[in-house]
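Structure first, commentary second.
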Amino acid sequence: MISITGQGKVPDTAQLLRPENLTDMGAREFANGDVGYNDDGRAATYTVAPGDSLGAIGDRLCLYNGLLLATLNGHKGYQVIQPGELLVLDPAAVPGFEFVNPDAG
């Protein structure tokens, strides 16, 4: 799992979400969706299954903070992910993906 260590260092969100840092550890409770892979075999997308939560998805993908996935996909922190929703894990692997900052406004 990616963890943050060091003397007061603030994690770099871009580093945490780098596709090469994501590893699918397999389906588990609250993270039963499907992971889509790019041509290099890296996790590129995640399709939300009923009952999934961002925290569990983050754990499954060895991501320190699963809420980062919400931000990357344009959700505000309080917005719930929906079954069938496609979460982008690797923007470069998804043609036409455009990041929309949920806090801009």
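Would a scan of segment 4-24 turn up a residue that is within 22 Å of THR71 (Cβ to Cβ), touching an Asp or Glu at 6+ places or on another chain (Cβ under 7 Å) and at pLDDT 90 or above? Checking segment 4-24: not a single residue is within 22 Å of THR71 (Cβ to Cβ), touching an Asp or Glu at 6+ places or on another chain (Cβ under 7 Å) and at pLDDT 90 or above.
Are any of the residues in segment 44-57 crowded, with 21+ Cβ neighbours inside 10 Å, in a strand (DSSP E or B) and touching a strand residue (DSSP E or B) at 6+ places or on another chain (Cβ under 6 Å)? Yes; the residues of segment 44-57 include at least one that is crowded, with 21+ Cβ neighbours inside 10 Å, in a strand (DSSP E or B) and touching a strand residue (DSSP E or B) at 6+ places or on another chain (Cβ under 6 Å). Of the residues making up segment 59-105, those that are part of a loop (DSSP other than H, G, I, E, B), among the acidic types (Asp, Glu) and surrounded by 14 or more Cβ atoms within 10 Å (Cβ to Cβ) are GLU85, ASP90.
The values are calculated or read from the model by the stated rules, or taken from the named source; none is laboratory data. Everything numeric in this text was worked out from a predicted model, so none of it was measured. Glycine also receives a Cβ, built like all others from the backbone with ideal geometry; neighbour counts cover every protein chain displayed.
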